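Please treat every number below as a calculation from the coordinates, not as lab data. Everything numeric in this text was worked out from a predicted model, so none of it was measured. So basically every Cβ, Gly included, is an ideal-geometry build from the backbone, and we count neighbours across all protein chains shown.
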Amino acid sequence: MKTTALIGVCLALCVAAEALAQERIAVKDVKPLLIAAIDAAGGQAHGVLVGDIADAITQRFKGTTPIYIDVSTERRYAQAGCSRLKVRFWQDGVQLPGVPAPRRQTIEFGIDYCRDGQPPRSVS
């Protein structure tokens, strides 16, 4: 009985992990994710960086996973299609110069952004 329950839990976790992975879209730059987060009812978008730049960064720092990107809306502005967004790039297994062991490296920043690629006229 315990084995059956354990197998059921493992299968559920595998299905959930695959569903989560499928939510990430492949992008060559972050702009489509910024727009997707602005448009999303929940204010979030998730992707994975692909292409020559992603390959060069991964190779240079010996990353063991793709470069993931998470964008979340911190605030929606009065100007339609404009938000304050939090952008996080992260990758596991990154080997930085002078650091003895590989680790997860994260870069996070905020940006005021509108669907047209411009900053909002007002942040109210």
Worksheet, complete the sentence: With no solvent term and unit scatterers on the alpha-carbon positions of the stretch 24-114, Debye gives log₁₀ I(q)/I(0) at q = 0.18 Å⁻¹ of -0.77
Worksheet item: trypsin sites (Lys or Arg not before Pro), restricted to the stretch 27-62: which are DSSP loop and have at most 14 other Cβ atoms within 10 Å?
Response: K28, K62
